[in-house]
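Have a look at the structure below before the remarks.
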Amino acid sequence: MAEKIIPGGHEGRAIAGKSPEELETRSQEYYEDVEAIKDAILRQLSAGTDIGELIHNGMLEAQREVAEGYSVLDNRPGSWEAAGLEHLMRHIHAQLDAEKQ
């Protein structure tokens, strides 16, 4: 079984002690990931896919890869962006709990 992901937390996002090259790499990776997500949404939108279902399934599959006791929203639990996804995450956790039983 593959090792589960543990959210990076504050230490993972901290700038102190990181080289300019590392910061640039992280920034570039972030923007590449945003572009990849955008491209997937637009591709599926043009195919007639329910985008809510796409986002739900993407988050569900990501949550399956996160270590027990953690959530994909752990890195920003108080943000307005995460707050907008909390309702969806409650359903995802309920679905995963039901699958375990």
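What follows is calculated from the coordinates using simple rules that are stated; it is not laboratory data. Please read all numbers here as calculations on a predicted model, not as lab measurements. Note that each Cβ is placed from the backbone with ideal geometry, even for glycine, and that neighbours are counted across all protein chains shown.
Worth a mention:
- Count of residues meeting criterion [among the polar types (S, T, N, Q) and within 18 Å of G12 (Cα to Cα)] in the range 41-82: 3
- Residues (within 18 Å of M59 (Cα to Cα) and surrounded by fewer than 11 Cβ atoms within 10 Å (Cβ to Cβ)) located in the range 23-47: Y30, D33, V34, E35, A36, K38, D39
- A2 being exposed (fewer than 11 other Cβ atoms within 10 Å of the Cβ) and in contact (Cβ under 8 Å) with a residue 24 or more places away in the chain: yes
- Any hit, the range 5-22, residues being closer than 22 Å to L85 by Cβ, surrounded by fewer than 12 Cβ atoms within 10 Å (Cβ to Cβ) and among the hydroxyl-bearing types (S, T, Y): no
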